[in-house]
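A.B. asks: First, the structure itself, so that you have it in front of you.
The values are calculated or read from the model by the stated rules, or taken from the named source; none is laboratory data. In this text the structure is predicted, and so the values were computed from the model without any measurement. Cβ atoms come from the backbone with ideal geometry, glycine included; neighbour counts cover every protein chain shown. Protein only, heavy atoms only, side chains kept; ligands, DNA and RNA dropped before computing areas. Shrake-Rupley method; radii C 1.70, N 1.55, O 1.52, S 1.80 Å.
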Amino acid sequence: QVQLVESGGGLVQPGGSLKLSCAASGSIFSIYAMGWYRQAPGKQRELVAAITSGGNTNYAVSVKGRFTISRDNAKRTVTLQMNSLKPEDTAVYYCNGDFRPSRLGPRNDYWGQGTQVTVSS
């Protein structure tokens, strides 16, 4: 069973930094794109950043220049370095992975359980 486990959320003051990490475990034949989404209270879940298996990245306009996504394919991890945090970055952050669990099986989307990020003074 494929699992994604996030860590690194918490409370930070505006202008501060946090680093989120996500590790994939279980039987995984191929890992395609991985990314981070977030959902604030009363809002829809939105893409924050994504990275392909080849290292190409995509960022939401609101975080470009402040957040950096990276991945380690050997360790099956994806990280999100968040700098210059703003109160509007407050949300539950979810790790997402596009995996093929077995050689002949289908690709599926997998989600972590979410980690709370609160930016407040």
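A.B. asks: With respect to the numbered conditions (1) free of Cβ contacts under 8 Å to residues at least 40 places away in the same chain; (2) of a type outside the set (V, I, T); (3) closer than 17 Å to S7 by Cβ, which one is the sole condition not fulfilled by S62?
C.D. replies: (3)
A.B. asks: Hey, another quick one. Where residues in segment 4-20 are closer than 29 Å to G105 by Cα and open to solvent by less than 40 Å² (accessible area, probe 1.4 Å), which of them is nearest to the chain's Cα centre (by Cα)?
C.D. replies: E6
A.B. asks: What do you reckon, is Q1 more than 16 Å from the chain's Cα centre (by Cα), open to solvent by 70 Å² or more (accessible area, probe 1.4 Å) and closer than 19 Å to T118 by Cα? First the steps, then the outcome.
C.D. replies: On the way: more than 16 Å from the chain's Cα centre (by Cα): yes; open to solvent by 70 Å² or more (accessible area, probe 1.4 Å): yes; closer than 19 Å to T118 by Cα: no.
Considered against the rule, which asks whether it is more than 16 Å from the chain's Cα centre (by Cα), open to solvent by 70 Å² or more (accessible area, probe 1.4 Å) and closer than 19 Å to T118 by Cα, Q1 comes out as no.
A.B. asks: Working only within segment 6-31, note down all residues that are under 14 Å from R76 (Cα atoms), modelled with pLDDT of 95 or more and touching a Lys or Arg at 6+ places or on another chain (Cβ under 7 Å).
C.D. replies: Correct list: A23, A24.
A.B. asks: Do you know which of the residues in segment 21-78 that are under 13 Å from the mean Cα position of the chain (by Cα), among the basic types (K, R) and open to solvent by less than 50 Å² (accessible area, probe 1.4 Å) is farthest from G114 (Cα to Cα)?
C.D. replies: Among those that are under 13 Å from the mean Cα position of the chain (by Cα), among the basic types (K, R) and open to solvent by less than 50 Å² (accessible area, probe 1.4 Å), it is R71.
A.B. asks: State whether the residues of segment 44-66 include one that is within 15 Å of G10 (Cα to Cα) and touching a strand residue (DSSP E or B) at 6+ places or on another chain (Cβ under 9 Å).
C.D. replies: no
A.B. asks: Report, by residue number, each residue of segment 102-115 that is open to solvent by 90 Å² or more (accessible area, probe 1.4 Å) and touching a residue at least 60 places away in the same chain (Cβ under 8 Å).
C.D. replies: Correct list: R103, R107, W111, Q113.
A.B. asks: Hey, another quick one. Of the residues S84, S121, only one is open to solvent by 70 Å² or more (accessible area, probe 1.4 Å) and either of a type outside the set (D, E) or at pLDDT 95 or above (or both); which? Quick ask: steps written out before the conclusion?
C.D. replies: Values: S84 fails: open to solvent by 70 Å² or more (accessible area, probe 1.4 Å).
None of the others qualify; the one that does is S121.
A.B. asks: Can you spot a residue in segment 10-22 that is of a type outside the set (A, V, I, L, M, F, W, C), at positive phi and part of a strand (DSSP E or B)?
C.D. replies: Step one: filter segment 10-22 for residues of a type outside the set (A, V, I, L, M, F, W, C), giving 10, 13-17, 19, 21.
The next check asks that each one be at positive phi; those that pass are 10, 15.
Pick out the ones that are also part of a strand (DSSP E or B) and you get 10.
Checked against the condition, which is being of a type outside the set (A, V, I, L, M, F, W, C), at positive phi and part of a strand (DSSP E or B), segment 10-22 yields at least one hit.
A.B. asks: Still on this structure, please answer the following. What are the pairs, 6+ residues apart or on separate chains, where a residue within segment 39-53 that is within 11 Å of V92 (Cα to Cα) has its Cβ under 6 Å from a residue that is part of a strand (DSSP E or B) and open to solvent by less than 50 Å² (accessible area, probe 1.4 Å)?
C.D. replies: Once the first residue is within 11 Å of V92 (Cα to Cα) and sits in segment 39-53, its partners that are part of a strand (DSSP E or B) and open to solvent by less than 50 Å² (accessible area, probe 1.4 Å) give Q39/A91; Q39/V92; A40/A91.
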